[in-house]
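J.: Before we start, here is the structure in question, set down as structure tokens.
Values quoted throughout were computed directly from the atomic coordinates according to the rules given, and no laboratory measurement underlies them. Keep in mind that what you see is a predicted model, and the values were worked out from it rather than measured. All Cβ positions, even for glycine, are placed from backbone atoms using ideal geometry, and neighbour counts span all protein chains on display.
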Amino acid sequence: MVKVKDMNLADKGKASYEWARAHMGILEKSIERLEHEKPLHGISSALCLHVTKETSVLALGLKRLGADVSLCAANPLSTQDDIAAFLAMQGVDVYAWRGESMQEYYDCIRAVLSKRPNTITDDGSDMHAMYHKEFVNVFKPLGGTEETTTGVIRLKALERESKLAYPVIAVNDAYTKHLFDNRYGTGQSTIDGIMRATSILLAGKTVVVAGYGWVGKGIANRARGMNAKVIVTEVDPIKALEAYMDGFMVMPMLDACKYADIIITATGQKGVVRSEHFNAMKDKVILANAGHFDVEIDVRWLEDNAKSKRQIRDNLDAYNLNGKSIYLIAKGRIANLVAAEGHPPEVMAMSFANQLLSIVYIVRNHSKLSNTVYRVPEEIDAQVASNALEAMGVKIDRLSNEQLEYAKSWAI
């Protein structure tokens with residue numbers, strides 16, 4: 001059973017899938033190395049991910065390894081309807097369309113969980129959370145994986161409360177995920193979403209980036225690379241120091257927002273931009289959120305206090321607040337996926353190679369694992385890095401036997 005917007009979009013989705021697959025050699029190598037083994041034969045795999053062309057490569061890769069795949073969206077506004085239609089035509093049970101209501105969004109997650117999957121792969125942990133709330137007494141998966149920082153935080157909260165019902169691999173914490181996906185992928189794709197929504201010139205603008213984790217680092221550096229003036233806001237003194245030493249201005253949000261032409265949130269925290277900041281902003285400031293959930297910018301306060309609101313362009317609304325305009329991209333949702341197409345395929349290839357190999361690892365090793373949040377095994381991380389270098393045509397040195405012995409010795 002499937003539920004998508006328009007099956008007639010499948011041919012367009014096929015073309016997008018083929019484009020992504022051609023640029024995801026890292027993931028393709030992981031699939032090819034395992035395809036003859038069919039390690040997921042008989043396994044039902046549930047995916048709650050952004051339904052993009054890159055996700056289609058992962059979903060069909062899992063099928064090539066033998067899995068029965070079901071898919072729903074990780075955000076009500078991020079689904080690419082042509083991809084949903086194409087995957088449905090390829091035998092994936094898809095429950096996703098762009099513009100779902102919140103009720104429809106959660107019903108789609110329930111529909112996938114109702115299939116009692118053996119593995120759960122999530123982006124933000126809405127499916128993991130719903131399993132623990134509504135399905136924990138119905139069936140038990142072998143284990144799961146999690147794609148993003150926000151989701152890992154939620155899973156670790158479950159673990160602290162001794163409520164986590166199955167082992168989960170935090171794919172987000174793999175070096176080949178957060179060092180590249182979060183930094184280069186989100187950095188580029190967030191700027192892409194802002195450009196598509198606004199079509200403004202970034203050079204010379206003052207861009208405020210809230211948060212200097214891997215996502216914030218990527219955004220700040222991409223903005224600086226386009227000749228914007230960048231201010232970073234932080235609550236962590238070590239990250240604030242790092243931002244300052246990286247050459248960025250650092251100050252509290254209440255001070256930074258007075259200078260801002262554009263404010264981008266990348267913290268995973270709620271209420272980062274709120275009433276006192278709105279009131280301190282200058283006219284025509286643009287707000288965008290790069291975090292997974294739409295809680296970083298207090299959109300409800302804007303809705304309740306603005307004198308008027310009107311749509312300026314696709315994914316761009318203007319709020320009239322005390323005679324000044326405040327522009328909001330993508331309704332405060334994740335800008336790179338709502339206003340653009342998400343990460344480039346080359347970056348997602350590394351993330352999804354980690355996902356695919358972690359799913360296979362769970363299936364092969366679940367009986368040895370406790371109900372804990374695990375890091376990606378080092379051998380998987382290293383294999384993804386090796387596949388990435390190979391796919392890019394990059395060769396590196398190897399230690400000689402003499403060097404290996406030297407590295408283990410204490411002698412001078």
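J.: Quick one, what does Rg over Rh come out to for the range 1-112 if you take C-alpha atoms and the Kirkwood Rh?
T.: Details: Rg = 13.5 Å, Rh = 13.9 Å.
So for the range 1-112, dividing Rg by the Kirkwood Rh gives 0.97.
J.: Given just the C-alpha atoms of the range 37-169, how large is their convex hull per residue in cubic angstrom? Can you show the working numbers first?
T.: Values: hull volume 13.1 nm³, N = 133.
It is 98 Å³ per residue.
J.: How big is the dipole moment of the range 107-225 about its Cα centre under a simple scheme where the beta carbon of each Lys and Arg is +1, that of each Asp and Glu is -1, and everything else is neutral? Debye, nearest 20, please.
T.: Once rounded to the nearest 20, the dipole reads 200 debye.
J.: Which listed residue (127, 61, 170) has the Cα farthest towards the positive end of the charge dipole for the chain, taking +1 on Lys and Arg C-beta and -1 on Asp and Glu C-beta about the Cα centre?
T.: Highest projection toward the positive end goes to 127.
J.: Moving on. In whole Hz, with x marking every Gly and Pro, tabulate ³J(HN,Hα) for the range 98-104 from phi via Karplus 6.51 cos²θ - 1.76 cosθ + 1.60, θ = phi - 60°.
T.: So the Karplus estimates, Gly and Pro as x, are 6, x, 4, 6, 4, 5, 5 Hz.
J.: Also, quick follow-up: Given Cα pairs under 8 Å that are at least 6 residues apart, what percent is the relative contact order of the chain?
T.: With pairs under 8 Å counted, the relative contact order is 17 percent.
J.: Restricting to the range 184-338, what percent of DSSP beta bridges are antiparallel, rounded to 5?
T.: Taking every DSSP beta bridge within the range 184-338, about 35 percent pair in antiparallel fashion.
J.: Next question, about the same structure. Could you tell me how many degrees, from 0 to 90 and to the nearest 10, lie between the Cα long axis of helix 345-365 and the main elongation axis, the longest principal axis, of the Cα atoms of the chain?
T.: Helix 345-365 sits at roughly 40 degrees to that axis.
J.: Work out the charge dipole of the chain with +1 on the Cβ of Lys and Arg and -1 on the Cβ of Asp and Glu about the Cα centre, then indicate which of 403, 232, 188 is farthest towards its positive end.
T.: Checking the options against the dipole of the chain, the answer is 232.
J.: Using the count of nearby Cβ atoms within 10 Å as a rough guide to exposure, how do 95, 105, 361 rank from fewest to most?
T.: 105, 361, 95
J.: Moving on to the next point. Relative to the longest principal axis of the chain, what angle (0 to 90°, nearest 10) does the C-alpha long axis of helix 10-22 take?
T.: The angle comes out at about 80 degrees.
J.: Work out the FRET efficiency for residue 410 and residue 136 from their Cβ-Cβ distance, taking R0 = 30 Å, and round it to the nearest 0.05.
T.: 0.05
J.: Another question about this same structure. Go through 166-177, 130-141 and give me the packing order, highest mean Cβ count within 10 Å leading.
T.: 166-177, 130-141
J.: Give, rounded to the nearest 20 debye, the magnitude of the charge dipole that the chain has about its Cα centre when Lys and Arg contribute +1 at Cβ and Asp and Glu contribute -1 at Cβ.
T.: With only Lys, Arg, Asp and Glu charged at Cβ, the dipole is about 580 debye.
J.: List the Cys residues of the chain that have no partner Cys with a C-beta closer than 4.7 Å.
T.: So far as the 4.7 Å Cβ criterion goes, 48, 257 stand without a partner in the chain.
J.: What dipole magnitude, in Debye to the nearest 20, does the range 184-338 give about its Cα centre under +1 on Lys/Arg Cβ and -1 on Asp/Glu Cβ?
T.: 420 debye
J.: Starting from the Cα coordinates of the chain, work out the convex hull volume and express it per residue in Å³.
T.: About 172 Å³ per residue, rounded to a whole number.
J.: Could you work out how much longer the chain between residue 37 and residue 403 gets when fully extended? Use 0.36 nm per residue separation minus the Cα distance between them, nm to one decimal. Don't skip to the answer; put the middle values down first.
T.: Values: separation 366, 0.36 × 366 = 131.76 nm, distance 3.60 nm.
Stretched fully, the residue 37-residue 403 segment lengthens by 128.2 nm.
J.: Once amide H atoms are placed 1.01 Å from N in the peptide plane, what residues at a sequence separation of 5 or more from residue 71, or on another chain, have their amide H within under 5 Å of its amide H?
T.: Amide H neighbours of residue 71, under 5 Å, 5+ apart: 47, 93, 94, 95.
J.: Now for a separate question. Given all pairs of different Cα atoms, what value in angstroms does the Kirkwood hydrodynamic radius of the range 184-338 take?
T.: 15.0 Å
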